[in-house]
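The values are calculated or read from the model by the stated rules, or taken from the named source; none is laboratory data. Keep in mind the model is a prediction, meaning the values are calculated, not measured. Cβ atoms come from the backbone with ideal geometry, glycine included; neighbour counts cover every protein chain shown. These accessible areas exclude ligands, DNA and RNA; they are computed on the full protein's heavy atoms, side chains included. Shrake-Rupley method; radii C 1.70, N 1.55, O 1.52, S 1.80 Å.
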Amino acid sequence: MEVSVVIPVYNKVEYVERCLRSVLAQDMDGFEVIAVDDGSTDGSGAVCDRLAREDARLRVVHTPNGGVTAARRRGVEEASGRYITFADADDMMLPGGLRSLCEAIGREQADEVVATYRNQHGQHVDSGLRGVVSPSLMISQLLGCRARFCVLWGVIFRRGLLDGCLTAPRQIRSGEDILMQVMCLVKRPKVVFIPHCVYLYTEGLPNDRGLELAEQMAYDRLLREALGPCWAEHGDDFTLHQLKMYENFIGQKLFHVRREYYRQVRPHLSARLPLADRLAFLLPPRLAYPLVSLRKRLL
């Protein structure tokens, strides 16, 4: 088997059939689809089972709910492909997308290939990066919230690159894709960017992932640990990540986070960090709120 497409599924009954059919319609041979039903309660698992009876390339794994990272990890464990790519159950793979990814990773002998994507409104999102790209640049852009490239879906990985990178605990409900990508990138893989638009991302769907300080601090600890091998290079990027996360809290008027975040971030502020982010952090939260809100609207 050349490539495995891993799709975690949790309560996406309105979308999952569309997603699976878009993958099964890809114009190439030698691929399988692993749908991991992560304890869905809305009938999503039954939809997956029905489609699996129609197409032997689709295998369905049913698990108790353990979170999206655990579902992806189980999918990779079940997969037999040399290469792994991921999709989310509420998105779609565009025609020819899988072929573009597979041909590029084989041609370039890369560890990872990153394509481009569009959203349901027709907007094409393209970082402009092409060819071999430095993992360090990718890490800096990811931590600084400047990345305009696919992070997990729209990407194909050499299977071995994923070893040890799908470990985020269930507590981490947001940003787990960035954490996983960073864990891959610190291994210094060969990453190639291609211009092909391979994926349709559905923006704006509701979720239950409200901001929580304990979760964010747990996330930061995992990210700090992941950056250990290249901390000298990316310490400031990590602090910028924390400033950006703090701004998310302030933007939702969760001003109580200042005490915890201020204590751990204040000693690491540097003049190398953007002035606007430092200012938003140093101001009292109620004064920072208008600044943060204005920046978000402008961006």
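Annotations for the structure displayed:
- Checked against the criterion of being at pLDDT below 95 and open to solvent by less than 60 Å² (accessible area, probe 1.4 Å), segment 130-143 contains not a single residue that satisfies it.
- Residues that are within 14 Å of Ala226 (Cα to Cα) and crowded, with 18+ Cβ neighbours inside 10 Å do not occur anywhere in segment 191-198.
- Answer from Val36, Val23 - the residue that is of a type outside the set (Lys, Arg), within 21 Å of the chain's Cα centre (by Cα), at pLDDT 95 or above and over 19 Å from Met180 (Cβ atoms): Val23
Let's see how each residue does on (1) open to solvent by 30 Å² or more (accessible area, probe 1.4 Å); (2) under 16 Å from Gly175 (Cβ atoms); (3) assigned to a helix (DSSP H, G or I); (4) out of contact with any helix residue (DSSP H, G or I) (no Cβ under 7 Å at 6 or more places or on another chain):
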position	(1), (2), (3), (4)
Glu203	yes, no, no, yes
Ala214	yes, yes, yes, yes
Gly235	no, no, yes, yes
Tyr246	no, yes, yes, no
His256	yes, no, yes, yes
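- Taken together, the residues in segment 21-60 that are over 24 Å from Gly97 (Cα atoms) and among the hydrophobic types (A, V, I, L, M, F, W, C) amount to 1.
- Spans of helices (runs of 4 or more DSSP H) in segment 47-146 with at least 3 residues under 18 Å from Leu20 (Cβ atoms): 68-78, 97-108
- Looking at Phe157, Phe149, just one residue is in contact with a Ser or Thr (Cβ under 8 Å, 6 or more places away or on another chain), open to solvent by 10 Å² or more (accessible area, probe 1.4 Å) and under 24 Å from Ala226 (Cα atoms), and that residue is Phe149.
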